[in-house]
Amino acid sequence: MIFRQLFDKTSSTYPYLLASRKGGEALLIDPVFDHVNRYLKLLEELDLKLVKVVDTHIHADHVSGMGALRDATRCVTVMGEESPAEYISMQVGDNDKLTVEGVTLTALHTPGHTIESYSFLMDDRVFTGDTLLIRGTGRTDFQNGDPYDQYHSLFDRLLKLPDQTLVYPAHDYKGDTVSTIYEEKAFNPRLQVSSAEEYADIMNGLDLPNPAMMDVAVPENLKLGLRLDAQHRVPAVEIDEILAAWPDFDGQLVDIREEEERRRHGVIPGSIHAPYGHFDQYCGRDGVLANVARTGRLVLYCAVGERSTLAVEIANELGLKGVSHMPGGFRSWEKAKGAIEKLD
Ligand SMILES: [Fe+2]
């Protein structure tokens, strides 16, 4: 197991690098934009392939490194489905599994600091974002924060984890690096309360100044994704065109989302599956996509159009002809009332 707690001095942020083996796939939690080159160097030194980056929530104190890392590595960007950021490659819901080779995280929706705050549980440890800090908790006075939500996220979710669970927060301002659920239950001054009202009174009385970077960081973090204009840098087939011809659309739709997303949201009828995680293999000489591409056109789709934009670029580099994608992805297809088939 490769586990690194990284650090950004300016915002006192702890990003985390996870991988199961040297030479394998890696996942990065809460990367900071200013250190993207350092992360890329570390990944190279440890011979890791970055395949997913996750932000626990929209950060107000630093610009996320997710967008720059996606541009450098074509990794998948991930956030909770309540995220107000418009184009995130992959959204997870409460209790969803988030995987890279040999590593499985369980997503726990723990709102309160912000509405889209998630924690991620991995075996003996939990990454708590700004929901639970060491001897503190994340403020609840902006970005749809709510002290009552946070009370329930803490007392009904995180503090119910086994006592020995290691707590790795997104920040620490005193230099502490890790704690346990037991320690926080016993010694975190904010958690020595007997009701949600008492907790809300403490949080509402904090009267903190806004973070210095807030006016820059929040707007930047909301627009890190590949928006529709950027999705048109590769050949595209619009949803309207597909719907106008439906069900006789002259093209093979290819779903590049993960199995869990397909089961949760359904699929476009008649589409074939070639997940983004191993997309290059499907494009290889004997791959299913290479076979179809010889006779017809392929139209890739994902959740919002970000992964499919990158996948068209990969297909082109591997020499596949006639590959395009559906901008806006499955989410826009649903909005346009396109046909959907539920998987069993
Ligand atoms: Fe935060």
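Quick notes
- Put simply, of Pro219, Pro211, Pro162 the only residue that is part of a loop (DSSP other than H, G, I, E, B), more than 13 Å from the ligand (Cβ to nearest atom) and either under 30 Å from Ser308 (Cα atoms) or not hydroxyl-bearing (Ser, Thr, Tyr) (or both) is Pro162.
- Residues of segment 126-142 classified as surrounded by fewer than 19 Cβ atoms within 10 Å (Cβ to Cβ) and either under 19 Å from the mean Cα position of the chain (by Cα) or modelled with pLDDT under 95 (or both), total: 2
- Residue within segment 304-315 that is open to solvent by 10 Å² or more (accessible area, probe 1.4 Å) and not in a helix (DSSP H, G or I) present: no
- Criterion (open to solvent by less than 10 Å² (accessible area, probe 1.4 Å), more than 16 Å from the ligand (Cβ to nearest atom) and more than 23 Å from Ile314 (Cβ to Cβ)) met by exactly one of Gly93, Gly24: Gly93
- Taking segment 279-303 as the range and being open to solvent by less than 70 Å² (accessible area, probe 1.4 Å), closer than 28 Å to Gln91 by Cα and either part of a helix (DSSP H, G or I) or in contact with a Gly (Cβ under 9 Å, 6 or more places away or on another chain) (or both) as the test, the residues that pass are Phe279, Tyr282, Cys283, Val288, Leu289, Leu298, Val299, Tyr301, Cys302, Ala303.
- Qualifying positions in segment 64-79 - in contact (Cβ under 8 Å) with a residue 12 or more places away in the chain and open to solvent by 20 Å² or more (accessible area, probe 1.4 Å): Ala68, Ala72, Thr73, Arg74
- Apart from one condition, Arg233 fits all of (1) part of a loop (DSSP other than H, G, I, E, B); (2) within 21 Å of Lys97 (Cα to Cα); (3) open to solvent by 80 Å² or more (accessible area, probe 1.4 Å); the exception is (2).
- Exclusive hit being within 16 Å of the ligand (Cβ to nearest atom), among the charged types (D, E, K, R) and open to solvent by 10 Å² or more (accessible area, probe 1.4 Å), set Glu116, Glu82: Glu82
- One residue alone among Tyr199, Tyr276, Tyr173 is more than 24 Å from Tyr87 (Cα to Cα) and surrounded by 15 or more Cβ atoms within 10 Å (Cβ to Cβ), and that residue is Tyr199.
- Among the residues examined, Val267 qualifies as within 25 Å of Gly225 (Cα to Cα), crowded, with 17+ Cβ neighbours inside 10 Å, modelled with pLDDT of 95 or more and touching an Asp or Glu at 6+ places or on another chain (Cβ under 9 Å).
- Met66 vs. criteria within 14 Å of the ligand (Cβ to nearest atom) and closer than 19 Å to Ser117 by Cα: no
The values are calculated or read from the model by the stated rules, or taken from the named source; none is laboratory data. The structure presented is a predicted model; accordingly, all values stated were derived computationally and were not measured. As a convention, Cβ positions derive from the backbone with ideal geometry for all residues, glycine included, and neighbour counts pool all protein chains shown. Each accessible area value is taken on the protein alone, full model and side chains, heavy atoms only, with ligands, DNA and RNA left out. Shrake-Rupley method; radii C 1.70, N 1.55, O 1.52, S 1.80 Å.
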